Amino acid sequence: MNKIALVTGATSGIGKATAIMLAKNNYHLIITGRRKDRLDELALTLQNQFNVQTLSLNFDVRNREEVQNIIAQLPENWKNIDILVNNAGLASGLNLIHEADVDDWEKMIDTNIKGLLYISRQIMPLMVNRSKGHIINISSIAGKETYLKGNVYCATKHSVEALTKAMRIDMLPFGIKVTSISPGMVETEFSEVRFHGDKQKAADVYKGLTPLFAQDIADAIEFAITRPSHVNINDILIMPTAQANSSNTHRV
Ligand code: NDP
Ligand code: 8X3
């Protein structure tokens with residue numbers, strides 16, 4: 001019987017590549033995101049190309065009530081979730097902390113911390129009931145370092161790191177694995193979202209270097225989920241060769 005994985009933020013970038021990787025590994029997929037047209041398109045691709053079943057859940061992870069209702073109403077045959085990939089997230093703005101837009105802060109805190117918590121709070125009891133499961137939290141190099149103007153985004157990803165460690169302790173008696181995947185620069189829609197749709201500014205982020213691609217992160221997740229049951233990958237920090245840390249890149 002196929003296992004089941006739930007990927008938040010599967011409409012783009014890392015989440016989409018991860019959903020495809022999981023389908024290749026014969027997982028039935030619950031895919032989530034706010035853009036319904038993209039969810040529907042991905043669901044069709046997964047069904048047709050990989051012959052797996054899909055369930056598209058169209059909601060905003062910041063909406064606590066919606067998250068609770070939608071997960072509570074999962075059909076019985078979708079409740080045995082083996083893998084949860086907490087991927088939905090964003091950076092909004094890149095500003096000095098005394099000049100930043102507080103609305104950007106709210107968006108990042110509500111999505112990257114509270115959204116991840118709302119989802120996990122609903123899914124973890126299902127895993128605990130079965131003493132089975134693997135939670136993958138998408139953190140960042142920004143969860144390990146801070147950089148100029150990264151302030152609140154970095155704080156949200158430092159929170160993801162803390163929550164990952166806390167989950168690992170609390171889930172220990174139930175045999176549930178908890179992994180954090182921490183990428184450096186990945187070329188997705190991330191920078192376009194960070195710069196509020198400014199495509200030129202977004203393109204400049206990756207100018208003169210080869211960044212990571214979403215598939216590189218899906219590959220790291222594939223490694224983590226295919227270890228034997230006695231092995232947990234705590235953390236994978238994965239960077240472009242042209243990026244030494246959050247502030248030093250080599251561009252040609
Ligand atoms: P993308 O912008 O390409 O994808 C982000 C995904 O998150 C989309 O599917 C989006 O779906 C979803 N999402 C965002 N906000 C919400 C929300 N409120 N409710 C539901 N879904 C939401 O970026 P990436 O693929 O790069 O980002 C994925 C994760 O990786 C994020 O957590 C990011 O912080 C992290 N990361 C990214 C790095 C990078 O350089 N790209 C590096 C390190 C970490 P939709 O808009 O349809 O709702
Ligand atoms: C995204 C990578 O370097 O912009 O998490 O923080 S970075």
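The values are calculated or read from the model by the stated rules, or taken from the named source; none is laboratory data. Nothing here was measured: the structure is a model prediction, and the numbers come from that model. Please note: Cβ atoms are built from the backbone with ideal geometry, for glycine as well, and neighbour counts cover all protein chains shown.
From the set of residues in region 31-71 that are of a type in the set (Lys, Arg) and in a helix (DSSP H, G or I), which is farthest from Gln122 (Cα to Cα)? Give the derivation first.
Just the residues of region 31-71 that are of a type in the set (Lys, Arg), to begin with: 34-36, 38, 62, 64.
Cutting the leftovers down to in a helix (DSSP H, G or I) gives us 36, 38, 64.
Values: Lys36: 22, Arg38: 24, Arg64: 10 Å.
Per the stated criteria, the residue is Arg38.
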>> Yes or no: region 210-222 includes at least one residue that is within 16 Å of ligand 2 (Cβ to nearest atom), at pLDDT 95 or above, assigned to a loop (DSSP other than H, G, I, E, B) and under 22 Å from Lys107 (Cβ atoms).
In response: no
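Condition (residue is of a type in the set (S, T, N, Q), within 10 Å of ligand 1 (Cβ to nearest atom) and part of a helix (DSSP H, G or I)) applied to region 111-119: is it met by at least one residue? It would help to see each step written out before you state the result.
Taking region 111-119 and keeping what is of a type in the set (S, T, N, Q), we get 111-112.
Now restrict to residues that are within 10 Å of ligand 1 (Cβ to nearest atom): 111-112.
Remaining after also requiring part of a helix (DSSP H, G or I): 111-112.
Within region 111-119, one or more residues are of a type in the set (S, T, N, Q), within 10 Å of ligand 1 (Cβ to nearest atom) and part of a helix (DSSP H, G or I).
Kindly provide the set of residues from region 186-201 that are in contact (Cβ under 8 Å) with a residue 12 or more places away in the chain and either more than 14 Å from the chain's Cα centre (by Cα) or more than 14 Å from ligand 1 (Cβ to nearest atom) (or both), ordered by number. Explain how you work it out, then say what you get.
Of all residues in region 186-201, those in contact (Cβ under 8 Å) with a residue 12 or more places away in the chain come to 186-191, 193-196.
Residues satisfying the conditions are Glu187, Ser191, Val193, Arg194, Phe195, His196.
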> Within the set of pairs 6+ apart or on separate chains, which have a first residue in region 85-101 that is under 30 Å from His134 (Cβ atoms) and of a type in the set (Ser, Thr, Tyr), a second that is within 14 Å of ligand 2 (Cβ to nearest atom) and modelled with pLDDT under 95, and C-beta atoms under 6 Å apart?
Replying inline: none
>> Here are the criteria: (1) out of contact with any Lys or Arg (no Cβ under 6 Å at 6 or more places or on another chain); (2) away from ligand 1 (no atom under 12 Å from the Cβ). Tell me which single one Pro211 does not satisfy.
In response: (2)
>> Looking only at region 188-205, how many residues end up being surrounded by fewer than 18 Cβ atoms within 10 Å (Cβ to Cβ) and either of a type outside the set (A, V, I, L, M, F, W, C) or touching a Cys at 6+ places or on another chain (Cβ under 8 Å) (or both)?
In response: 9
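Restricting to region 134-159, and then to whatever is among the basic types (Lys, Arg) and within 20 Å of the chain's Cα centre (by Cα), can you tell me which residue is farthest from ligand 1 (Cβ to nearest atom)? Please lay out each step first, then the result.
Just the residues of region 134-159 that are among the basic types (Lys, Arg), to begin with: 144, 149, 157.
Retained after the next criterion (residues that are within 20 Å of the chain's Cα centre (by Cα)): 144, 157.
Details: Lys144: 11, Lys157: 7 Å.
In this case the residue turns out to be Lys144.
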> Within region 148-167, can you find the residues that are surrounded by fewer than 18 Cβ atoms within 10 Å (Cβ to Cβ) and under 16 Å from Ser120 (Cα atoms)?
Replying inline: Ala162, Lys165, Ala166
> Just checking, how many residues over region 223-247 are of a type outside the set (Asp, Glu), closer than 12 Å to Ser182 by Cα and part of a strand (DSSP E or B)?
Replying inline: 3
> Which condition number does Asp82 fail, the rest of (1) touching a Leu at 6+ places or on another chain (Cβ under 7 Å); (2) more than 30 Å from Asn248 (Cβ to Cβ); (3) in contact (Cβ under 8 Å) with a residue 40 or more places away in the chain being met?
Replying inline: (1)
> Assuming Ser131 fulfils every condition listed in (1) touching a strand residue (DSSP E or B) at 6+ places or on another chain (Cβ under 6 Å); (2) more than 16 Å from ligand 1 (Cβ to nearest atom); (3) farther than 12 Å from Asn86 by Cβ apart from one, which condition is it?
Replying inline: (1)
> Restricting to region 93-150, what's the tally of residues that are polar (S, T, N, Q), farther than 24 Å from Phe223 by Cα and more than 12 Å from ligand 2 (Cβ to nearest atom)?
Replying inline: 4
> So, of the residues in region 39-62 that are free of Cβ contacts under 8 Å to residues at least 24 places away in the same chain and on the phi < 0 side of the Ramachandran plot, which turns out to be farthest from ligand 1 (Cβ to nearest atom)?
Replying inline: Asn48
> If you scan region 72-110, which residues turn out to be under 29 Å from Glu187 (Cβ atoms), among the charged types (D, E, K, R) and assigned to a loop (DSSP other than H, G, I, E, B)?
Replying inline: Glu99, Asp101
